[in-house]
Amino acid sequence: MSSGGMTVLLLGSGGREHALAWKMAQSPLVAKIHVLPGNPGMTTNDGRIVCIEGKIDDIVRELKPGLIVVGPEKPMAEGVVDRLETAGFTVLGASKAASQLESSKIFSKEFMLENGIPTAHAVTCDSYDDAVAAVKTWDIEGKGIVIKADGLAAGKGVVVTQDPTEAEKTLHDFMIDTRHPVKAKRVLLEEMLLGREVSAFALCDGERFIPFGYICDHKRVFDGNQGPNTGGMGAFFPKDWPSDAALTFINEKIFSATLRGMNARGTPFKGILFAGLMVDGDDVKVIEFNVRLGDPETQALLPLIETDIVPLFLAAAQGDLSACGAPQISNETAVHVVMASAGYPGTEMRLGEKITLTPNTNDNTQVFFAGVKEKDGNFINSGGRVLGVTARGATLAAAREKAYAGISNIFFNGAHWRRDIGGQ
Ligand code: AMP
Ligand code: GLY
């Protein structure tokens with residue numbers, strides 16, 4: 001362990017933050033990573049990672065971190081990056097104004113249209129009556145419809161359907177039913193895109209970006225993409241896809257165009273830009289923007305990155321990536337499988353179950369913890385997505401085999417996971 005080095009503060013508590021802490025802890029530049037609030041699984045194998053509680057303003061005053069990394073979108077949408085930068089800290093994350101790319105689907109859609117960024121056709125409805133009227137004229141059975149609530153909804157504010165009754169019920173759920181978890185004053189009705197989805201990342205300094213890799217995730221809860229959407233049940237690196245032409249298009253027509261457009265608005269984008277894309281051959285369209293790394297994409301991506309990411313994060317946070325190149329990505333692939341609590345993604349979950357882990361003898365796998373707490377010296381599950389296992393391998397089949405071998409060493413009552421992660 002180095003005696004000098006920098007203190008890093010990481011905000012967040014999930015599997016994405018565990019992977020970030022694990023990767024940053026490998027940097028010789030870092031002495032200690034404090035995670036606010038983190039989860040107890042993060043500190044198991046690494047003495048350089050500590051979890052802390054308390055108010056962020058008090059914590060930064062005391063720790064004086066050399067770098068602050070914000071994991072999730074919510075604190076960014078609430079302006080935490082603006083506040084910490086004003087206080088003189090070096091922060092990797094999006095400003096409140098720039099996080100509208102994720103926090104408002106309507107802002108994001110208008111921004112894409114104004115800047116010629118390819119995306120699905122959409123109409124905005126400001127009232128329930130307008131939305132019902134628009135849905136009635138839509139060829140739902142023929143072409144499908146996507147209904148999106150405006151505002152952050154933790155992945156639950158989007159319904160894709162070819163059933164007119166479900167479309168009308170969704171509008172009622174989002175806009176009228178006060179007991180429904182998603183509440184929207186405005187909705188976006190969108191053309192249903194076809195193709196394969198990929199999450200592409202760019203590390204941005206406000207003006208420039210470096211490509212930061214891409215990963216596929218599995219959003220539906222059950223095998224074969226059945227059942228409701230979740231935050232993500234697993235992820236994998238599609239080594240031989242998208243095509244080089246599609247990747248060039250993504251850099252030029254999506255990432256560059258977004259940075260230019262955000263600059264022109266006076267709201268430069270600094271941090272990690274996440275483009276959720278639908279790719280159909282060389283045709284690429286943006287489904288959504290996020291202002292952070294993906295969860296669980298990060299847990300598959302970071303174990304494949306061979307470069308030290310801390311100097312890259314620092315350069316981006318300091319606003320100057322001009323001397324940095326894209327990180328080196330391994331020529332292996334990786335698969336990450338999530339274990340979830342019984343009931344997830346519903347609201348009635350079976351929590352508080354003891355988690356048993358058999359010591360891992362396979363040094364090609366890594367467990368990343370998310371919804372866990374400590375009780376009487378054991379981990380118990382405390383959230384929907386509990387943990388996940390990442391394995392690297394020369395092929396997807398090899399990586400899958402190791403990841404599932406890792407899963408078979410872990411047990412808790414009610415655990416469920418998909419059996420087809422990385423099966424494409
Ligand atoms: P979002 O929260 O916007 O990422 O939407 C969640 C999921 O809904 C996406 O990952 C897609 O699987 C699906 N989705 C969203 N918009 C569209 C669209 N226009 N066409 C097809 N699928 C979509
Ligand atoms: N896995 C998708 C997301 O992080 O939004």
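The values are calculated or read from the model by the stated rules, or taken from the named source; none is laboratory data. Keep in mind that what you see is a predicted model, and the values were worked out from it rather than measured. Cβ: placed from backbone, ideal geometry, glycine included. Neighbour counts: every protein chain shown. Surface areas here come from the heavy atoms of the whole protein model, side chains and all, with no ligands, DNA or RNA. Shrake-Rupley method; radii C 1.70, N 1.55, O 1.52, S 1.80 Å.
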The alpha-carbon center of the stretch 242-265 and that of the stretch 273-333 are separated, in whole Å, by 13 Å
Under 15 Å from the Asp244 label point (7 Å along Cα→beta-carbon), backbone N, the stretch 316-335: none
So the FRET efficiency between Leu29 and His121, C-beta based with R0 = 45 Å and rounded to 0.05, is 0.45
State the answer as a single residue: which of Gly227, Asn378, Leu189 lies farthest towards the positive end of the charge dipole of the chain, with beta carbon charges of +1 for Lys and Arg and -1 for Asp and Glu, about the Cα centre. Asn378
Explain nothing, just compute: Karplus ³J(HN,Hα) = 6.51 cos²θ - 1.76 cosθ + 1.60, θ = phi - 60°, for every residue of the stretch 26-31 in order, whole Hz, x for Gly and Pro. 7, 7, x, 7, 9, 8
Is there a pair in Lys156/Lys219; Lys105/Lys156; Lys55/Lys105; Lys253/Lys285 whose C-alpha atoms are over 18 Å apart, and which pairs would that be? Lys55/Lys105
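Would you mind checking the pairs Lys32/Lys270; Lys143/Lys169; Lys373/Lys402; Lys32/Lys375; Lys148/Lys169 and listing those with alpha carbons more than 21 angstrom apart? Please report the intermediate quantities before stating the final value.
Numbers: Lys32/Lys270 24 Å; Lys143/Lys169 18 Å; Lys373/Lys402 26 Å; Lys32/Lys375 25 Å; Lys148/Lys169 13 Å.
Flagged as over cut-off: Lys32/Lys270; Lys373/Lys402; Lys32/Lys375.
Multiply the residue separation of His416 and Asp282 by 0.36 nm, subtract the distance between their alpha-carbon atoms, and state the gained length in nm to one decimal.
The His416-Asp282 span can extend by a further 44.7 nm.
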Order the peptides 368-374, 45-51 from the highest to the lowest mean number of other Cβ atoms within 10 Å of their residues. 368-374, 45-51
Determine the dipole magnitude for the stretch 14-135: charges of +1 sit on the beta-carbon of Lys and Arg, -1 on that of Asp and Glu, nothing else is charged, the reference point is the Cα centre, and the result goes in debye to the nearest 20. 640 debye
At a 10 angstrom cut-off on C-beta neighbours, averaged per residue, how do the peptides 287-294, 31-38, 298-305 rank from highest to lowest? 298-305, 287-294, 31-38
If you build the Cα gyration tensor of the chain and take the root of 5 times each eigenvalue, what three semi-axes come out, in whole angstrom, biggest first? 32, 26, 22
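Hey, got a sec? Which GluC sites (Glu not before Pro) in the stretch 79-147 land in a DSSP loop and have at most 13 other Cβ atoms within 10 Å?
Passing sites in the stretch 79-147 do not exist.
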Mind ranking 229-240, 262-273 by how tightly packed they are, going by the mean number of other C-beta atoms within 10 angstrom, highest first? 229-240, 262-273
Karplus 3J(HN,Hα) series, Hz, for the stretch 301-310 with 6.51 cos²θ - 1.76 cosθ + 1.60 (x for Gly, Pro): 6, 4, x, 8, 7, 9, 7, 5, 7, 5
Amide H proximity to Gly234 below 5 Å, modelled H, separation 5+ or other chain, gives His218, Val338
With a 1.4 Å probe and all protein chains kept in place, how do Met349, Met42 rank by accessible area, largest first? Met349, Met42
Among the Cα-Cα pairs of the stretch 100-176, the proportion with separation greater than 19 Å, in percent, is 37 percent
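Measure off, as a whole percent, the carbon and sulfur share of the 1.4 Å-probe accessible area of the chain, all protein chains present.
Details: 8920 of 17980 Å².
So the carbon and sulfur contribution to the accessible surface is 50 percent.
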Please list, in order along the stretch 240-255, the HN-Hα scalar couplings obtained from phi with the Karplus expression 6.51 cos²θ - 1.76 cosθ + 1.60 (θ = phi - 60°), rounded to whole Hz, x for Gly and Pro. 9, 7, x, 5, 4, 5, 5, 5, 5, 4, 4, 5, 7, 8, 10, 5
Inter-centroid distance (Cα atoms) of the stretch 157-181 relative to the stretch 369-424, Å: 32 Å
